[in-house]
Amino acid sequence: MWSPNKSLVWRLSILILGGAGLVLAAVLLFSQFSQSRLLIRQQCAQGEQITLASVNRINEMLGRVQTLTQAAALSLSADAIDEEKLSPWLESLLTANPDVSSLAVAYARTEPGAKFGLTRVSRADGIVATDPFVDVDHEMMQDWCYLPRHLGQPVWVEPFFDPILKETAVTYSVPVHAPDGSLHAIVACEISLQGIRELLDELDLGESGMAILLSAQGVYISHPVRSYEMSQTMFSVAESLGENGKPLPELANLARTLLACETGLTKYRRSADDTPSYIFYRPVPLTGWSLSVTIPEEQILAPLKKQNAINLTIGLIGGFLLLIASVMLAFSLTKPLHQLAAAAGRLAMGDFEAPLPKVRRGDEIGRLTTSFSQMREDLKSYIEELTNTTAAKEKIASELAIAHQIQLGIVPKLFPPYPDRNDLDLFAALEPAREVGGDLYDFALLDEDHLYVAIGDVSGKGVPASLLMAVGKTLLKSTMHAVRDPARTLAMVNDELAAGNDSCMFITAFCGILNLSSGHFTYANAGHNPPLLIPLSGPPKYLRARPGPALGAMENVRYRNMDETLSDRELLVLYTDGVTEAMSTSSEMFGEDRLLAIVTASRENDAETLVSHIMENVHKHASGAEQSDDITILAVRSCASARKSPAAQPARAPDTSIALENKREKLDEMVAWLEAASESFGIPPAETMALNLALEEWFVNVVSYAFSDSARHEILLRLWKEQNRVIVAIEDDGAPFDPTAQAAPNTAAGIEERQIGGLGIHFIRKTMNSMSYSRENGKNLVVLEKHLA
């Protein structure tokens, strides 16, 4: 089951549609940018043309008035004015010029002291007639008379509202001078501005465009808002739209530009709706007026917006069609991929028989299907091989784990090894570089005073080294128990290993016998690292006697015993080269100097703490580097000053005693006597059991071997209960026999190799805390001591 969020179909479709959408958006944006600039340029050119054409037409209309007025003035300057003929002449001129609203002539009378005369002909409702009543004095004070009379030149007066015509008009006045320079007459021609308004209203400026005509004083002559005409100036409107009594700066600046009779184009935001607009302005040359044409930017770009909307609609429709096409195409392309994905999912779950789509095409998908089919077959073969290999590896790993446990079981690993001996401090540790290794260590008490110690390193690593290690350790221990001589032991083991040594493997070994009472140490070295002697004070030293060859290298090699006397509590440290040759990540060896410094700093610690400290420093030095060799350390210290005193019977009378005849049948009486004493004196069951087993063993030995005749003999048992110990003395008059002088049996040797006897005495030594023997008055006296928990 596929999800739309993750389906390749939808991702491919969205990618195609998204790409097409981006292209369409880029095209529309570019079109918007380029077309808007083009439209604005075209509109600017069109606006300037409209403004120029409108100014020319206005100038043409006013020019006809100006020409008519100047022609009439020229006619009056040649002849004296005949008042009777003046009126008909003006009516004929007015009739011939339908654009003109009225003609007027103010003339000087010839009579001395006479006022100016004035004749005006007007057009009203299409009828041309002379105005019968004219207030000459009033008219002479109007601009059309006053300005040319005093300025002495033609004048276009400010537009005004003509009450007769009932519309806005403008007058052009020309003064006529006599030859002597005196004012002869003033000819004025008035034209209605309705035609100019109609001209501007007919301009094709669009729905929001407008044309404005300003007089030379800034008064609105023509404006879309009719109430502004002849009543508002551009400055007054700017003040009304401003704030705090200040005119609107943009509009006031525009007004000054227009009244300066400049030609140009400016972009302006209209105060009414704050929309940007383009204003084209140009002066009317004859009158000093200014015409401005305003076209909003929104109106200019309206066709583009409409076209963009059409393009967007077409794009959306095209995008929808493209989506359908891309989905169909994607489905056709990805259908085999979906089938491959489903097959891959089943393949991941272990189903190698999942059907694959049929190969019907030679494109990438077809080749992918073929490759996937080949991969499935290869994977099936690989997994089958991997399963077999994994099973074999697991079997080997299991066997190696068992071998690891067996190897560690070969070397002593219970510490302290002799908990009842406070005169001996011993500890050892072995860390193989692999599951199994070739290092070995061993120790054993040959008797109460002699301790055998050994350490070795087999050439090579892994299973072969571990096998040779097991053989070497067994041979060393059994031989040492038999001959009690380090040099002879090495020579005999060497000959045994060298015989038939086709693998050419060898063992470097060091072994010795330490007298725990005297500190005398006899040792021999077969190519091994020299041990360290660390006194409580003074510098440590290496036992650097010349070593012999490694064991197993060649036959008939002689080794030499060396002697050293250890001071009380002096520490002996044996180690393999895995300690000194441990490498750091920077390929630096641990070295003998570093080892020497560590043991010197830790000389006052017990053997276990010292060995642990060395191991920690070796690991710290390696700092993550792979262990390249087995690491083995053995430390032993003889503490003769702390050696236990032999067990002795107290001077006081025993707490209980029993005399038994030398017969095995009396064993039950002894057991009953001991159990009664234990209950009476509060001896714990565990200690009672240990005492019972030891006494049974010794009683049977005495009955069986102490007496050579069949006469009746007495065996006396006495018991003392001290605060934290129990003392039992066994006395008999049999043959002299010192159990403490007997050598400890070789418990590591095979059953066939062990000597008969000795295990009972060994058992008593192990279960009792102390055992002593003396021969007094022709009798054997054995004293056993057991500490209470």
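The values are calculated or read from the model by the stated rules, or taken from the named source; none is laboratory data. Worth saying up front: this structure is predicted, and the values here are computed from it rather than measured. Note that we place each Cβ from the backbone using ideal geometry, even for glycine, and neighbour counts take in every protein chain shown. Just so you know, the surface numbers come from the protein's heavy atoms only, side chains and all, with ligands and any DNA or RNA stripped out. Shrake-Rupley method; radii C 1.70, N 1.55, O 1.52, S 1.80 Å.
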- [ ] Calculate how steeply helix 486-498 sits against the longest principal axis of the alpha-carbon atoms of the chain, using the helix alpha-carbon long axis, and give the answer as 0 to 90 degrees to the nearest 10.
- [x] 70
- [ ] Determine how large the accessible area of Thr233 is when every protein chain is in place; take a 1.4 Å probe and give Å² rounded to the nearest 10.
- [x] 40
Open item on the list: With θ taken as phi - 60° and the coefficients 6.51, -1.76 and 1.60, list the Karplus ³J(HN,Hα) couplings across segment 505-512 in order, rounded to whole Hz; mark glycine and proline as x.
Closed with: 8, 8, 10, 8, 9, 9, 9, x
TODO: Could you give the spread of the C-alpha atoms of the chain along their three principal axes, from largest to smallest, in whole angstroms?
DONE: 208, 73, 59
Open item on the list: For a test of the definition: using alpha carbon positions, the gyration tensor, and the 1.5 limit on a/c, classify segment 656-787 as rounded, prolate or oblate.
Closed with: oblate
- [ ] Would you grab the residues whose amide H sits under 5 Å from the one on Leu788? Only those 5+ places off in sequence or on another chain, please, with H modelled 1.01 Å from N.
- [x] Arg725, Val726
- [ ] Mind listing the long-range amide H neighbours of His713? Cut-off is under 5 Å, sequence gap 5 or more, other chains count too, H placed in the peptide plane at 1.01 Å from N.
- [x] Asn662
TODO: Ignoring everything but the protein chains, give the 1.4 Å probe accessible area of Ile365 in square angstrom, nearest 10.
DONE: 30
TODO: List every residue whose amide H lies under 5 Å from the amide H of Ser277, counting only residues 5 or more places away in sequence or on a different chain, with H placed 1.01 Å from N in the peptide plane.
DONE: Tyr268, Arg269, Arg270, Glu297
Task: Under Karplus coefficients 6.51, -1.76 and 1.60, residue-wise ³J(HN,Hα) of segment 240-251 in Hz, glycine/proline x - done: 5, 8, x, 10, 6, x, 9, x, 5, x, 4, 6
TODO: Starting from the residue with the highest accessible area, list Asp423, Asp593 in decreasing order, probe 1.4 Å.
DONE: Asp593, Asp423
TODO: With the full set of protein chains in place, find how many percent of the accessible area of the chain is carbon and sulfur; take the probe as 1.4 Å.
DONE: 55
Task: With Cα atoms, 0 to 90° folded angle of helix 592-601 axis to the chain main axis - done: 80
TODO: Pull out a ≥ b ≥ c, the square roots of the eigenvalues of the alpha-carbon gyration tensor of segment 417-642, then state rounded if a/c is under 1.5, prolate if not and a/b is larger than b/c, and oblate in the remaining case.
DONE: oblate
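Quick one: accessible area per residue over segment 206-300, 1.4 Å probe, rounded to a whole number of Å²? Mind dumping the intermediate values first?
Details: 4540 Å² over 95 residues.
On a per-residue basis, 48 Å².
Could you please put Arg569, Arg123, Arg256 in sequence from largest to smallest accessible area, using a 1.4 Å probe? Please list the in-between numbers first.
Details: Arg569 90, Arg123 50, Arg256 125 Å².
So, going from the largest accessible area down, we get Arg256, Arg569, Arg123.
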Task: Environment charge of Ala741, counting only residues whose C-beta is closer than 11 Å and scoring Lys/Arg +1, Asp/Glu -1 - done: -4
Task: √(5λ) per eigenvalue of the Cα gyration tensor, segment 533-660, largest first, Å - done: 40, 22, 16
Task: Between helix 685-705 and the chain: long-axis angle, C-alpha atoms, 0 to 90°, nearest 10 - done: 30
- [ ] Name the lysines eligible as straight-distance cross-link partners of Lys358: C-alpha to C-alpha under 28 Å, and not fewer than 8 places from it in the same chain.
- [x] Lys6, Lys335, Lys380
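Ordering Thr119, Thr387 by how much accessible area each has at a 1.4 Å probe, largest first, what is the list?
Numbers: Thr119 15, Thr387 80 Å².
Heavy-atom accessible area, descending, gives Thr387, Thr119.
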Open item on the list: At 1.4 Å probe size, what's the solvent-accessible area of Trp673? Round to the nearest 10 Å².
Closed with: 30
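According to the Cα gyration tensor, what semi-axes, each the square root of 5 times an eigenvalue, does the equivalent ellipsoid of segment 432-484 have, listed from largest to smallest in whole Å?
Working: eigenvalues 125, 22, 9 Å².
For segment 432-484, the ellipsoid semi-axes come out as 25, 10, 7 Å.
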Open item on the list: Classify segment 7-62 from the C-alpha gyration tensor, please: rounded if a/c falls under 1.5, else prolate or oblate depending on whether a/b exceeds b/c.
Closed with: prolate
Task: Karplus-derived 3J(HN,Hα), 6.51/-1.76/1.60, for each residue of segment 779-789, Hz, glycine and proline x - done: 10, 7, 10, 10, 10, 10, 10, 10, 7, 9, 5
Task: Protection proxy ranking, peptides 594-604, 537-547, 139-149, average beta carbon neighbours within 10 Å, highest first - done: 139-149, 594-604, 537-547
